[in-house]
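The values are calculated or read from the model by the stated rules, or taken from the named source; none is laboratory data. Since the structure is predicted, the reported quantities are computational estimates derived from the model, not experimental observations. Cβ: placed from backbone, ideal geometry, glycine included. Neighbour counts: every protein chain shown. Ligands, DNA and RNA are excluded from the accessible area calculation, which covers all protein heavy atoms including side chains. Shrake-Rupley method; radii C 1.70, N 1.55, O 1.52, S 1.80 Å.
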Amino acid sequence: MVFANIGYLFLLLLLIPYIIWYILKRKNHEATLQISDARVYAHTPKSYKNYLLHVPFALRIIALTLVVLVLARPQTTDNWQNSEIEGIDIMMAIDVSTSMLAEDLKPNRLEAAKEVAAEFINGRPNDNIGITLFAGESFTQCPLTVDHAVLLNLIKDTKCGLIEDGTAVGMGIANAVTRLKDSKAKSKVIILLTDGTNNRGDISPLTAAEIAKTYGIRVYTIGVGTNGTAPYPYPMGGGTVQYVNLPVEIDEKTLTQIAGITEGNYYRATSNSKLKEVYEEIDKLEKTKLNVKQYSKREEEYQWFALAAFLCVLLEVLLRNSVLKKIP
């Protein structure tokens, strides 16, 4: 409930001096019928009229309060809105070559990438998102979908060794493009994450980037890995693992060119926190568009207050002229 003329509610303050005046008047009130000695009435039981003595005044206060509320125009509101959501189509191209097992990110590069990707997906409920995996070749693990529960389960099951080893960056981009090229969304994005240099595949990364540009697809590239060398778990047989330090070789020049051709950005993630910051930055750049039209309908509700005020006045008049009628 709202009031169209809320300023009238300040009139209720005038009731305070009126109530004080009534109390003081009752204290100084003289009997209408004066007698020489009232001791004979000392033990006379009180009439029910004694309990109704102040009812007319209470009814008047209530009536005045209700009149002020009527002047303030009480209204009920009925709000509703129409939302127009324009989702973004996103393909996440993730490198699953064995080098992603390096442990410069914890517990390793691939697990860190999966964790941050899952958080990214959870934060975009209105978008179509899919997954492309690549190593020596590429395949679509999950096409574009809004069923993010299925998508998250597939990310959870992602691991190295699913496909032939190597790093086919161009094939990863090309595979993602085939999933996005027929999309009707106004915004189409590929998020490519890799830790190496393109050394496999029939399509070069820059050629794949040109194809993506043709279809209006932006590519955000992420190079994941520390600077220098990174510890890599090398199996020795018999269940034993020996760690060797392998050089981190990320083709940042090519990744930067891919992003530049498609009007995306290149990011370098050297730690778990940096990788999380990268996805947060992409999340800010690619926000879902939401147009909201809000409507409001108001109904006047003063009638009930006016009716209650009238009944209070009527009841006061009836009491004063019947059971509480004063002797002239």
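May I ask you to verify whether residue 275 is hydrophobic (A, V, I, L, M, F, W, C), within 18 Å of residue 90 (Cβ to Cβ) and in contact (Cβ under 8 Å) with a residue 60 or more places away in the chain?
yes
In region 279-297, is there at least one residue being closer than 30 Å to residue 71 by Cβ, at pLDDT below 85 and either part of a helix (DSSP H, G or I) or among the acidic types (Asp, Glu) (or both)?
no
Quick one: which of 233, 247 is within 20 Å of residue 196 (Cβ to Cβ) and open to solvent by less than 50 Å² (accessible area, probe 1.4 Å)?
Matching residue, one of 233, 247: 233.
Would you check which residues across region 156-171 are among the hydrophobic types (A, V, I, L, M, F, W, C) and crowded, with 19+ Cβ neighbours inside 10 Å and list them?
Selection gives 168, 169, 171.
Taking region 165-195 as the region of interest, how many residues are closer than 23 Å to residue 108 by Cα and out of contact with any strand residue (DSSP E or B) (no Cβ under 8 Å at 6 or more places or on another chain)?
The qualifying residues number 2.
Consider region 172-215. How many of its residues are in a helix (DSSP H, G or I), open to solvent by 50 Å² or more (accessible area, probe 1.4 Å), free of Cβ contacts under 8 Å to residues at least 40 places away in the same chain and in contact with a helix residue (DSSP H, G or I) (Cβ under 8 Å, 6 or more places away or on another chain)?
The qualifying residues number 2.
Out of 111, 86, which single residue is surrounded by fewer than 19 Cβ atoms within 10 Å (Cβ to Cβ), of a type outside the set (Phe, Trp, Tyr) and at pLDDT 95 or above?
111
Please name all residue pairs, on different chains or six or more residues apart, with Cβ atoms under 7 Å, provided the first residue is in region 123-146 and is within 12 Å of residue 164 (Cβ to Cβ) and the second residue is among the basic types (Lys, Arg) and surrounded by fewer than 23 Cβ atoms within 10 Å (Cβ to Cβ).
Qualifying pairs under 7 Å: 136/200.
Would you mind telling me which numbered condition in (1) modelled with pLDDT under 95; (2) surrounded by 12 or more Cβ atoms within 10 Å (Cβ to Cβ) residue 239 fails?
Of (1) modelled with pLDDT under 95; (2) surrounded by 12 or more Cβ atoms within 10 Å (Cβ to Cβ), only one is false for residue 239: (2).
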